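The next block holds one structure in the form of structure tokens; read it before the comments.
Derivation of every value follows stated rules applied to the coordinates shown; laboratory data play no part. Quick caveat: nothing in here was measured; it's all calculated off a predicted structure. Virtual Cβ from ideal backbone geometry, glycine too; neighbours counted across all protein chains shown.
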Amino acid sequence: MKDLNTKDIADLCLGATVLGTGGGGSPELGLFLLNRLIERGKTIRLISVEEVPDEEFVIHPAMVGSIAPSRGEDRNTEDYRSRILAEDGPLLTGLRTLEEAMGRKAFATVPAELGGYNTPVAAILGALAGLPFVDADTIGRAKPELMMQTYTIHKVPITPMVLTDLRGNSVEVKKTASFKDAERIARAMAVVGGGTTAVRCPVQGKVFKKTIIPGGVTQAMKIGGALREAERKGQDPGQAVIRASGGTELFRGAVHRFEWEDRDGFLWGTIFVRGEDKYSGHELKVWLKNENLLTWLDGEPYVVTPDLICILDGKSGYPITNSNMREGLNILVFGIPAPPFWRKPEAIDLVSPKHFEFSIPYTPMEKIIRAF
């Protein structure tokens, strides 16, 4: 058990954004809200997976919706931020509705994914409700679709699920025909409300311990801390992030084209990067659906999902979300091997290029990376 301070939460938001692979929500919003809670005297308590009692239940809050640049304007206002933390705001409303459906109180919150907002949101709801949040998540990165989680493979129900938004809409989903339908329902609500908060998937501790991916929060804090220390010591921040994450550099260059559209509750796009320095004369293309999911090097398939494709500012080493991607940026692209669970035969189809209708076989990144 650890109570997080302001340095911890800054490291967390920064590192989780790296692991968010371009998605996972706004780290600025996550950090602002966590700092606001500390100012109010709230405790932000992190616990390990092993500290969850077998008979208690954990729940998974997350923001669902497009991360397109056009969606970000309203999220920077004081009114928007205050409503998230309000007693009748979407987080506490969702938790109370879900607890009523469960017929009992939740023991802790768990990040649904690793990302600049969707990891902090578990800490935010926990602090609001006086609950700890757990050092774990369901995928080991950010993901564009709700069903991309360990629970789908283990057949752990995603319902009951409560969907709330800042407009005051609240929907309790008692049962769905499939995980895919749960995603469609949540996405439809996100389109209606301009983004929705899903408080979902109550999982009992004894099941949770067998099905979750542990350690993502502390991994994020380690990465954020490495970047902060590199800045302080005048070291190469990008290389510090890569070392701390266990990743490998893939490409450096300038974004010469960024094509995107805001459609069906997602940011869809392609980033075209013209190589510089030792990568001069080469081009990397990155395809995204909220998150970075596939790459092509000089027109040939390269590193792909579920391996993590992370993008940093080429100079500062800070992660760049796809909400803030733009032409002219100088970037560093690196990859991190996916958690072993997602490379298993029974899991790979849910997160591989095949899931996104690309006829590209998954090859582990360490077998395909080129030396320049």
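FRET efficiency for the Lys2 to Glu78 pair, using the beta carbon distance and R₀ = 35 Å, is estimated at 0.70.
Which of Phe32, Phe372, Phe57 comes first, and how do the rest follow, when ranked by fewest Cβ neighbours within 10 Å? Numbers along the way, then the final one.
Values: Phe32 18, Phe372 15, Phe57 21.
Fewest-to-most ranking of Phe32, Phe372, Phe57: Phe372, Phe32, Phe57.
Which residues does the label zone of His256 cover in the range 274-318, counting backbone N under 15 Å from a point 7 Å along Cα→Cβ? Counting backbone N atoms under 15 Å from the label point, the list is 274-286, 297-299. Among Arg200, Arg370, sorting on how many other beta-carbon atoms sit within 10 Å of each Cβ, with the fewest leading, yields Arg370, Arg200.
Normalised by 2.2 N^0.38 Å, where N is the number of residues, the C-alpha radius of gyration of the chain stands at 0.93.
Model label points for Gln235 and Phe372, set 7 angstrom from Cα along the Cα-to-Cβ axis, are 2.3 nm apart. Picking from Val171, Pro111, His282, whose Cα lies most toward the positive end of the charge dipole for the chain (charges on Cβ: Lys, Arg +1; Asp, Glu -1)? Looking along the dipole axis, the top candidate is Pro111. Taking other C-beta atoms within 10 Å as the exposure proxy, Thr270, Thr77 rank Thr77, Thr270 from fewest upward.
Applying the criteria of a DSSP loop state and at most 14 other Cβ atoms within 10 Å to the chymotrypsin sites (Phe, Trp or Tyr not before Pro) of the range 238-346 yields no site. With contacts taken as Cα pairs under 8 Å and at least 6 residues apart, the range 236-367 reaches a relative contact order of 25 percent.
The per residue volume of the convex hull around the alpha-carbon atoms of the range 75-214 is 105 Å³.
Between Asp88 and Lys105, the modelled labels are 2.4 nm apart [label points 7 Å from Cα along Cα→Cβ].
Among the trypsin sites (Lys or Arg not before Pro) found in the range 255-355, those both in a DSSP coil and sparsely packed, with 16 or fewer other Cβ atoms within 10 Å of their Cβ, are Lys315, Arg326.
Kindly work out what percent of the DSSP beta bridges joining two residues of the chain are antiparallel, to the nearest 5.
Around 90 percent of the beta bridges assigned by DSSP in the chain are antiparallel ones.
Kirkwood radius and radius of gyration were both taken over the C-alpha atoms of the range 195-327, and their ratio Rg/Rh is 1.02.
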